[in-house]
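One structure is given here, and the rest of the page talks about it.
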Amino acid sequence: MKHKINPGVATGNEVQEIFRYAKKNGFGLPTVNAIGSNTLNAILETAARLNFPVIIQFSNGGAQFNAGKGLSNKNQNAAILGAVAGAKHVDKLVKAYGQW
């Protein structure tokens with residue numbers, strides 16, 4: 001698939017631009033729930049092989065699991081750390097999985 005979506009973590013206006021681009025070009029964006037580096041890598045590899053954009057999300061429990069269940073989740077701290085670590089993982093590896 002040819003697209004103008006840059007690989008990596010998107011926020012704010014970038015996300016809205018991606019949604020507008022998908023709507024304009026008539027395709028949906030699959031959303032995949034990740035719980036750790038194994039699922040993140042599988043999502044990145046599949047998206048690269050198909051040359052198709054994807055949304056990676058973490059549920060609260062998945063983000064906490066990504067941080068490590070040994071960490072306290074008081075005030076959602078482990079879940080927040082796990083989600084941030086997941087986003088950094090994607091940001092650092094996305095281009096290594098292929099030229100999108």
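We did not get these values from a lab; they are worked out from the coordinates using the rules stated. From a predicted model like this one, the values you see are computed outputs, not experimental measurements. Neighbour counts run over all protein chains shown; Cβ positions are idealised from the backbone, glycine included.
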In deg cm²/dmol, rounded to 500, what helix-only [θ] at 222 nm does the chain give when every DSSP H run of at least 4 residues adds -39500 (n - 2.57) and the total is split over its residues?
-16500 deg cm²/dmol
Among (1) 18, 17, 12; (2) 24, 14, 12; (3) 26, 15, 11, only one was calculated for this model; which label is it, if the read-out is semi-axes √(5λ) of the Cα gyration tensor in Å?
(3)
Report ³J(HN,Hα) in whole Hz for each residue of the stretch 33-49, in order, from the Karplus equation J = 6.51 cos²θ - 1.76 cosθ + 1.60 where θ = phi - 60°; Gly and Pro get x.
7, 10, 10, x, 5, 5, 6, 4, 5, 5, 5, 4, 5, 5, 4, 5, 4
In the chain, with Lys and Arg counted as +1 and Asp and Glu as -1 at Cβ, which of these residues, Ala48, Gly26, Ala67, has the Cα nearest the positive end of the dipole, that is, farthest along it?
Gly26
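For Gln16 and Asn60, compute 0.36 nm times the residue count separating them, minus their Cα-Cα distance, and round to one decimal in nm.
Values: separation 44, 0.36 × 44 = 15.84 nm, distance 2.30 nm.
My answer for the length gained is 13.5 nm.
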